Amino acid sequence: MFIAIVAGRLPPERQNPARRVGLALALITRLALLASIVWIIGLTRPLFDLFGQPVSWRDIVLIAGGLFLLYKGTREIHQGLEGDPHNRDAGGGRTSFAGVVAQIMLLDIVFSLDSVITAVGMANALWVMAAAIIITIVIMLAASKPLADFVERHPTVKMLALSFLLLIGTTLIADGAGFDVPKGYIYAAIGFSVAVETLNQFAARRRNSKP
């Protein structure tokens with residue numbers, strides 16, 4: 001969803017290349033993280049204590065990523081509702097090809113950090129973990145364009161996706177701050193919202209199909 005929304009800021013002919021380049025570079029980054037197993041494990045070691053709570057590099061990355069998601073989601077919602085008073089030109093940082101690719105890469109690092117750490121603890125063979133990462137990126141590459149097209153065709157779905165960004169951003173901040181938020185609650189909330197929006201889409205289609 002994030003990739004679809006961020007790439008949607010580019011001209012239509014540049015959106016798909018941006019998604020592909022961003023995900024390809026994200027694959028390289030994930031494999032590099034996986035290859036640096038000792039360094040990855042070191043990210044979970046406490047650096048200092050803050051108000052009696054140990055803080056590690058992992059916590060800092062999660063909090064920074066969560067804050068960025070809150071900022072990005074709020075900004076996109078504001079622009080969708082209020083409109084953009086500034087012209088979006090090709091040289092603008094917000095709509096530049098390199099800027100979109102960089103955002104995709106950085107957020108992929110935030111989203112994948114925990115999964116890479118978990119994979120290191122679950123599997124002993126490096127090739128198994130690498131194969132799982134490659135399969136994940138291939139699926140994302142295949143699904144990115146259809147999902148992006150669907151989001152762009154349905155403004156309510158786009159707004160729902162932005163609300164998911166706010167929810168996930170808040171969860172990342174809470175996780176980085178040491179609060180354990182059960183993932184089941186997050187998945188249940190997202191699943192319920194998707195189910196309601198699906199019913200709304202079916203109802204809208206039936207209304208439009210009536211003569």
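Yes/no matrix, rows are residues, columns are (1) within 30 Å of residue 194 (Cβ to Cβ); (2) more than 16 Å from the chain's Cα centre (by Cα); (3) modelled with pLDDT under 80; (4) β-branched (Val, Ile, Thr):
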| site | (1), (2), (3), (4) |
| --- | --- |
| 2 | yes, no, yes, no |
| 46 | no, yes, yes, no |
| 72 | yes, no, no, no |
| 79 | yes, yes, yes, no |
| 84 | yes, yes, yes, no |
| 93 | no, yes, yes, no |
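Report the residue count in region 163-190 for those that are exposed (fewer than 10 other Cβ atoms within 10 Å of the Cβ) and either part of a helix (DSSP H, G or I) or of a type in the set (Phe, Trp, Tyr) (or both). Going through region 163-190 one residue at a time, the tally reaches 1.
For region 1-13, name all the residues that are in a helix (DSSP H, G or I) and touching a Ser or Thr at 6+ places or on another chain (Cβ under 9 Å).
Going through region 1-13, the residues in a helix (DSSP H, G or I) turn out to be 2-7, 12-13.
Scanning region 1-13 gives 3, 4, 7.
When 163, 193, 144, 209 are checked against the criterion of being among the small types (Gly, Ala, Ser), free of Cβ contacts under 8 Å to residues at least 40 places away in the same chain and under 28 Å from residue 79 (Cβ atoms), a single residue qualifies: 193. Scanning region 97-112 for residues that are open to solvent by less than 30 Å² (accessible area, probe 1.4 Å) and at pLDDT below 80 gives 107, 108, 110, 112. Only residues that are over 15 Å from residue 173 (Cβ atoms) and either open to solvent by 60 Å² or more (accessible area, probe 1.4 Å) or out of contact with any Pro (no Cβ under 8 Å at 6 or more places or on another chain) (or both) were counted across region 55-80, and they come to 6.
Within region 146-168, can you find the residues that are more than 16 Å from residue 69 (Cβ to Cβ) and in contact with a helix residue (DSSP H, G or I) (Cβ under 9 Å, 6 or more places away or on another chain)?
Initial filter on region 146-168 (more than 16 Å from residue 69 (Cβ to Cβ)): 146-157.
Matches in region 146-168: 147, 148, 149, 150, 151, 152, 154, 155, 156, 157.
None of 172, 167, 141, 160 is of a type outside the set (Gly, Ala, Ser) and touching a Gly at 6+ places or on another chain (Cβ under 6 Å) except 172.
Taking residue 194 as the residue in question, decide whether it is open to solvent by 80 Å² or more (accessible area, probe 1.4 Å), of a type in the set (Val, Ile, Thr) and in a helix (DSSP H, G or I). Here the answer is no, as residue 194 does not meet what is asked.
The values are calculated or read from the model by the stated rules, or taken from the named source; none is laboratory data. Model, not experiment: these values are computed from the prediction. For neighbour counting, all protein chains shown are included, and Cβ atoms are generated from backbone atoms with ideal geometry for every residue, glycine included. Each accessible area value is taken on the protein alone, full model and side chains, heavy atoms only, with ligands, DNA and RNA left out. Shrake-Rupley method; radii C 1.70, N 1.55, O 1.52, S 1.80 Å.
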